[in-house]
Amino acid sequence: MRIKIIIILLFITSIHSVSGQVLSSSGRLMDDGRFAASTKQVNQFFRRFNAEESKEGDVRYYSDNENYRNRELRKSFINILFDNETSDIPVELKREFLNTVISESYPQFLNFHGGEWFAEANTVFSYGGKSQEVTLFLKLQPEGLGYEWVIENVNFEPFRIAFDKPEGDQKKFLHPLSHELGFMNLRKAIQDDPKPESYTPKDFDPDYLTLFIFEIKKGNLKFETVKEVKYHFFQIDKWYFELSQFNRPGFNTGWLISNLVKLGDGDRDVIMNFIYGRK
Amino acid sequence: MKKYILSLLILFSATSMVALAQDNISPARKQAIDSLALEKVKDLSKYISIIGSKETQFSEATRVMDRAEELFAPDAEMGVSSINNSEIAYYKIRRYFERLMALNYDRVNISWYDIHYISDLERQPDGRYVGVITVYQRFEGTSQEAGLNYRDTTKKDITIYVEKKQTQIAGRTIEFWDVMLGDVRVTETSA
């Protein structure tokens, strides 16, 4: 364990080796190593995770380079890609994850275009005269000659509480001979009952994205700003991790793994429901 | 402008070694594009320093703002957030420069860190390529009368658009890759 810590420290120190003076020969400020160590872009997270760039981040390794996806380099990189200050991911779990992804027989890499990862953007919209938080879930999809990010799902409290379908004895219904009366009882169902969702099929699942677009087009939802973005990854077989940005003093900063879960049967659905704010 | 034409020709000569007809960007071409993009980012850094300096005359600052604006694609915006407020405030490029010029400090010193990071280039639906260059800036402003002494370090994530264009040189049609700057995300850091 001690040796491993020393190796990680040596690795981080080597990233910092450019520091020493305040100004470089070009008259620019010298980084004391913090910016070099920081995982500055999500792109850099991918490259570090796969060992597709140099320790300093200034050389991109392509498949014809001998260091491309080097196992030892990956090991060093992945060790510094965890949030070590606030996330409290157990050391043993990190080690198991590391051993899984750098396995000699079945190494696993992240693929920008490989799907199985998506963004969660916490935004603010003006709605009903006040600023309210809206969570948007975005994914990359092929389009035209390249790729684009698209909004795949929305979580918005006013939409969620608007649909509260009663169950059991509480649920009202259109009786089975309503058709004989030409559904005249729809008036009571829709106009008088504050919960018209009672009259929907068992598998009714409100489409918040459609509502979201509709409300924007009607001018009721107005974009204000983005507060925070994080990413959810299911690309590694039987693992889930969350990627968040840490803007703080020190060397453990930038885009780092903030949550890590080893997935058992059915766990993926549980996590997806949690992320999407479903019951 | 002359400098960019020279850079474009260098970029052309660098890229002509690889199959120019292809739309894929080879590592050699990517490196040449990175250099041109970095040159534009360095110019932007220089312009920001001139615009922010109290020693710069208004007319000169206006001229430099015009030059700086030319680096950007139309509709590019700055999105600014601070440590205390993670919400993004949006400014048109020109407005951002005007705010910078109007800062009420007796002395302003803007310096840049000797570190940058360049992303891969990704192709967007219209066929253009897009990338992001990250640089770090330190701002120091002092106002003797008000006793103000403000300092911050910001991370600037600068969008670059890379597009294949054509030009006529001595009657010949030459294809080259041009770089424009796009939206810039400015994040205050804890450094």
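Details
- Of B:T134, B:T56, B:T159, the one that fluctuates the most in a GNM where chain B has Cα springs shorter than 10 Å: B:T56
- Distance between the range A:151-198 and the range B:21-97 - C-alpha centres, whole angstrom: 54
- Relative to its residue count, the range B:42-83 spans a Cα convex hull of 96 Å³ per residue.
- With each label modelled as a point 7 angstrom along the Cα→C-beta vector, the B:S59-A:E143 pair spans 4.7 nm.
- Tilt relative to chain A, helix A:91-101 - C-alpha long axis, 0 to 90 degrees, to 10: 90
- Charging the Cβ of each Asp and Glu at -1 and of each Lys and Arg at +1, and nothing else, the dipole of the range B:2-188 about its Cα centre rounds to 420 debye.
- Taken over chain A, the alpha-carbon convex hull comes to 231 cubic angstrom per residue.
- Listed residues B:E122, B:E175, B:E87, most fluctuating in chain B (Gaussian network, C-alpha, under 10 Å): B:E87
- Charge dipole of the protein assembly as shown about the Cα centre (unit charges at C-beta), most positive-ward option of A:L243, A:F45, A:T100: A:F45
- When DSSP beta bridges are restricted to pairs lying wholly in the range B:76-191, around 90% turn out antiparallel.
- Per the Debye calculation on the range A:196-251 with a single equal scatterer at every Cα and no solvent contribution, log₁₀ I(q)/I(0) for q = 0.12, 0.21, 0.26, 0.31 Å⁻¹ amounts to -0.66, -0.95, -1.02, -1.15.
- Amide H contacts of B:W177 (H built 1.01 Å from N, in plane; Pro and chain starts excluded): B:K165 sit under 5 Å, all sequence-distant by 5 or more or on other chains.
- Taking 14 Å as the cut-off, the amide N atoms of the range A:108-145 that come nearer than this to a point 7 Å along the Cα-to-beta-carbon line of A:E228 belong to A:120-124, A:133-136.
- Largest GNM mean-square fluctuation among A:F156, A:F214, A:F234, using chain A with Cα springs under 10 Å: A:F214.
- Here the range A:113-157 is treated as an ellipsoid with the same Cα gyration tensor; its semi-axes, largest first and in whole Å, are 27, 11, 6.
- Helix content alone sets the calculated 222 nm mean residue ellipticity of chain B: runs of n ≥ 4 DSSP H residues at -39500 (n - 2.57) each, divided across all residues, give -11000 deg cm²/dmol.
- Kirkwood radius, the range B:15-154, all distinct C-alpha pairs, inverse of mean reciprocal distance: 17.3 Å.
- Helix B:27-52 axis, angle to chain B major axis (alpha carbon atoms, nearest 10°): 30
- Calculated FRET efficiency for the pair A:R278/A:E92, C-beta based, R₀ 35 Å, to 0.05: 0.70
- Note on A:I213 and B:A170: with the Förster distance fixed at 45 Å, the Cβ-Cβ geometry gives a FRET efficiency of about 0.30.
- Using alpha-carbon coordinates, inclination of helix B:58-70 to the longest axis of chain B, degrees: 40
- Overall form of the range A:44-84 per C-alpha gyration tensor (a/c, 1.5; a/b vs b/c): prolate
- For chain A, the mean residue ellipticity at 222 nm estimated from helices alone is -7500 deg cm²/dmol, where every DSSP H run of n ≥ 4 contributes -39500 (n - 2.57) and the total is divided by all residues, rounded to the nearest 500.
- The protein assembly as shown: C-alpha pair distances exceeding 42 Å, %: 28
- Summarising the amide proton neighbourhood of B:W112: residues at separation of 5 or more, or on other chains, whose placed amide H is nearer than 5 Å comprise A:L29, B:R138.
All of the numbers you see were taken from the coordinates with simple rules; none came from a lab. Because the structure is a prediction, the values reported are computed rather than measured. For neighbour counting, all protein chains shown are included, and Cβ atoms are generated from backbone atoms with ideal geometry for every residue, glycine included.
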